[in-house]
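Read the figures in this text as sums done on the coordinates, not as results from a lab. Given the structure is predicted, the values throughout are model-derived calculations rather than measurements. We place every Cβ from the backbone using ideal geometry, glycine too, and count neighbours over all the protein chains shown.
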Amino acid sequence: MLTQWPTYRILLPPALLASALFALPTSADEPPALILSEILADPAAWPDAQGEFLELGHPGIDSARLDGVAISVDGQSFPLGPLLLGPSDCLLICRDSAAYARAGIACARGWAGMSLVNGRPLEVTLSWAGGNFHVTAPASRPGTSWENTWDATAGYAAFGPSLAGRTGGDSATPGARNSRSALAAGRDLALAGIEVAGSIVRVTVENRGSGPPPRSWVALRLDADWDGISEATIDSVPLDSAGTYPAALEFRIPTGARGRASASLGPDENPGNDVMAAAFEPGGGPLAFGAFQAVGQEGAPEWVEIRNITSASGGTGRRIALSLATVDAMALGAKAGFLDPGERIVLASDTAAFRARYGPIKANVMRPEPWRALRNTGDTLVLRLAGAAVDTLSWGPIKPGAAAAGNEELPTEAGWSLSGRTAFPEAPLDVEVQAPAGADYVLRAFSLEGDIVKEIGRGGAGRRMHTWDGRGAGGRALPRGAYVLCLTFGDGWTRKRAIVAGER
Amino acid sequence: MDAQTGHRGGGEVNSAAAAAGLWLAALAQAGNLSPTAGAYGATLGAGAATAAERSGFGQNPAALRPGAFGLRLDCHRPYGMDDLGVAEAGASLDGKRAGLACDWRVTSIADLYSEQGFRLAPSVRILARDAFPGTLDLGYGISAWRAALSGTSPAWDPSQEAGVAWRPWPRLKAGAFAAGLPLHPAATLPGRVMQIGLEADSRNPEAMGNPGALTQVLRLDFRKSGDGAWKALASLSVLPHPGVEASVGVAALPFQISAGVGLAWRGFRIRQAIRYHRYLGRTWLSGLDYERATGPGT
């Protein structure tokens with residue numbers, strides 16, 4: 001089953017990249033004696049006055065004594081005096097060191113006057129006798145700290161988001177460096193593959209050991225670059241048994257874009273294991289696989305759905321001639337006709353059996369010649385248009401009775417399914433939406449007063465998974481109480497469900 | 001060494017920090033503070049800032065009906081959802097210069113969740129003049145919320161509220177209040193509600209005189225719930241006869257409209273209202289009030 005968790009996106013506009021470029025040290029061989037290692041400007045679990053912090057790090061390989069150290073954030077200055085730093089040491093500066101002391105975290109300095117502005121990049125300058133370091137820290141995100149990647153080639157000016165949603169609060173790791181952190185040696189977990197289909201980046205995490213996974217979850221970072229835009233997500237993949245774990249994350253990659261996606265795996269916020277990359281061609285489209293059925297029950301056919309996604313990912317919709325499309329050795333042929341934006345076609349092993357089982361649907365159903373059997377033990381289909389691969393569909397062994405990826409039913413009606421009736425930060429609610437062709441939808445959460453507390457997601461035709469963790473639009477957990485989840489389609493058709501959300 | 005330094009670590013989340021964060025966050029407030037009592041069902045909550053109703057959740061506690069005793073009962077199913085229900089009851093007793101209201105509300109999701117609120121709200125009139133500076137009422141309320149999720153132990157959350165209502169001239173009234181405030185100073189405030197508003201009356205609603213004259217009341221409020229944006233609420237109520245009250249309301253954003261009617265007879269008033277929410281659809285609201293005089297008013 002594909003599992004999608006909350007994602008945190010970073011859009012690095014060219015201006016920010018340029019500012020990061022100017023922060024490069026004068027000599028790549030000599031790292032600065034002091035860098036900004038981590039910053040939390042907008043804590044979610046704690047008030048700003050208690051939770052904000054800066055973490056400084058020493059990237060050198062030798063101990064260093066620095067005199068006259070001072071830090072400046074957006075014009076606010078704070079003297080730190082002399083510092084003695086060992087290799088890779090980190091130094092924590094808290095706005096309220098007493099609050100951190102109660103939590104068992106030692107702050108090297110309490111800077112009571114520090115006030116980190118939320119929502120915009122912050123200019124941070126460190127100075128000491130004989131040197132200085134300047135960096136632009138990314139704009140804050142509620143409950144998410146920014147970790148320096150300690151990447152010397154980027155001038156120690158590249159940051160990644162911390163992994164939120166695991167701890168029920170701010171998932172920062174103050175006082176500890178965890179850049180490009182790796183799983184322990186001898187681990188059995190590894191990335192087994194990465195592919196890009198449309199705006200979806202799919203990866204597979206594999207437990208290569210014979211027993212259960214060595215940990216209950218693993219962090220997954222995905223990066224995508226296209227047309228000068230860099231986007232990254234940090235996510236977690238739950239692990240519960242041996243085998244492979246497919247994960248899919250969606251980026252807002254416009255149709256027609258050309259770029260590269262990469263993935264890395266690790267134990268925490270900045271994974272450093274198994275970096276894998278895949279290039280993607282324009283849009284990965286204009287066709288994509290949809291639902292499919294590989295386990296043929298008694299009298300039921302095998303089938304796979306193909307959709308025209310040219311208008312679904314931000315591009316311009318266009319009509320596609322299916323005579324140019326093939327799925328592995330199956331040619332659709334001239335009889336397949338054309339597929340307009342948002343429309344779909346179902347390729348079935350037995351069209352009569354398909355219609356008998358699923359009834360009339362708003363899609364063409366055809367049997368390509370020859371039909372290529374879909375294997376229950378795991379299989380990969382490649383969709384080509386004019387000879388170029390535009391999408392790949394893979395699945396692992398499908399257990400009878402399990403809700404496996406290959407056991408999806410054809411979405412004949414618009415609808416949704418919820419994983420539960422509660423949404424809490426530590427136990428989010430998963431909502432799977434299925435929308436028919438040509439139907440855009442918006443999924444929102446409302447308070448009982450009728451106010452929109454969170455727009456959870458929106459999309460077009462097909463199946464999508466959304467997650468809500470009971471937080472409002474501002475990122476803070478809502479008060480515990482009754483809320484209304486509402487799925488609205490463009491034609492006004494609506495589904496509602498009362499749930500409990502907020503703090504548990 | 002002049003400074004404390006941490007060592008390179010594996011990056012595991014500090015459990016003590018997480019626990020402390022949860023402890024602070026657990027002080028967040030709970031409670032359904034949607035104003036639906038009495039006429040609010042037909043005004044979408046417009047008038048809650050100026051205490052159009054004597055008592056109710058999510059309204060200004062600075063409410064007073066000098067020399068009156070009141071009871072009320074309200075219920076509705078938000079947005080017509082079968083498994084969701086809200087019921088509310090309240091009582092009030094006012095002297096010439098001070099009064100007390102107590103309310104109870106239950107919000108439930110069938111087989112999943114039940115939330116009960118108990119509210120006690122004293123109010124005082126510190127100015128009582130016919131002309132400027134008019135009448136000035138202050139109110140304070142304290143609520144206790146009991147929330148029970150199926151399969152878990154109930155949790156209690158206290159909250160408080162405070163408000164002021166000022167009628168500088170007989171036909172104009174202004175008010176403001178904040179509700180859902182935590183009792184602990186370090187608590188976060190995601191459930192806080194603030195509302196300010198004005199009320200303009202075609203005749204003095206508290207004056208003696210021709211009780212049969214047509215009365216029109218225009219209300220304009222601005223309300224903010226939690227981290228949400230300010231919402232505008234407006235309503236017009238018309239009383240062609242003391243026993244008949246008709247109201248319409250509009251709110252944005254999201255867009256909502258409402259209409260309702262109340263019929264009174266010998267101190268009893270029965271109310272029926274309907275709301276329409278752009279996304280969530282219709283809500284029917286019903287209510288029953290009883291009010292009788294216990295002494296002279298102002």
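Work out the FRET efficiency for B:Leu93 and A:Ser77 from their Cβ-Cβ distance, taking R0 = 56 Å, and round it to the nearest 0.05.
0.40
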Practice prompt. Quick one: go through the stretch B:57-92 and flag any residue whose amide nitrogen is under 16 Å from the point 7 Å out along the Cα-to-Cβ line of B:Tyr140.
Written response: B:61-63
Worksheet item: For the stretch B:56-215, what is the largest minus smallest coordinate of the Cα atoms on each principal axis, given in angstrom and ordered from greatest to least?
Response: 57, 39, 25
Worksheet item: How big is the stretch B:19-293 in terms of Cα radius of gyration and Dmax, in angstroms?
Response: 18.2, 65
Response to the item:
Taking placed amide H atoms and a strict 5 Å upper bound, the residues 5 or more places from A:Gly481 or on another chain that come that close are A:Ala501
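Other chains' Cβ within 10 Å of A:495-501 residues: what's the mean?
5
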Fill in: For the stretch B:230-236, 3J(HN,Hα) per residue [Karplus equation, 6.51 cos²θ - 1.76 cosθ + 1.60, θ = phi - 60°, Hz, x = Gly/Pro]
5, 10, 9, 10, 9, 8, 10
Response to the item:
Expected integer from the mean partner chain Cβ neighbour count at 10 Å over B:254-262 is 1
Discussion item. Report the per residue volume, in Å³, of the convex hull enclosing the C-alpha atoms of the stretch A:415-501.
Written reply: 80
Worksheet item: Got a sec to turn the phi values of the stretch A:467-481 into Karplus ³J(HN,Hα) couplings, 6.51 cos²θ - 1.76 cosθ + 1.60 with θ = phi - 60°, whole Hz, x for Gly and Pro?
Response: 10, 10, 9, x, 9, x, 4, x, x, 8, 5, 6, x, 4, x
Discussion item. Along the Cα→Cβ direction, 7 angstrom out, place labels at A:Glu30 and A:Ala473. What is the inter-label distance in nm?
Written reply: 5.1
Worksheet item: Using a basic spin-label model with each label point 7 Å from the Cα along Cα→Cβ, how many nm lie between B:Leu73 and B:Ser150?
Response: 2.7
Response to the item:
At the level of C-alpha centres, the distance separating the stretch B:149-179 and the stretch A:445-504, in angstrom, is 26
Worksheet item: Per residue of B:272-283, how many C-beta atoms from partner chains lie within 10 Å of its own C-beta, taken as a mean?
Response: 3
Worksheet item: Given a Förster distance of 30 angstrom, what is the FRET efficiency for A:Arg215 paired with A:Ser419, based on the Cβ-Cβ distance and rounded to 0.05?
Response: 0.85
Worksheet item: How many angstrom lie between the C-alpha centres of the stretch A:57-83 and the stretch B:44-102?
Response: 59
Response to the item:
Extend 7 Å from the Cα of B:Ala213 along its Cα-to-C-beta direction; within the stretch B:122-139, residues with backbone N under 18 Å of that point are B:130-132
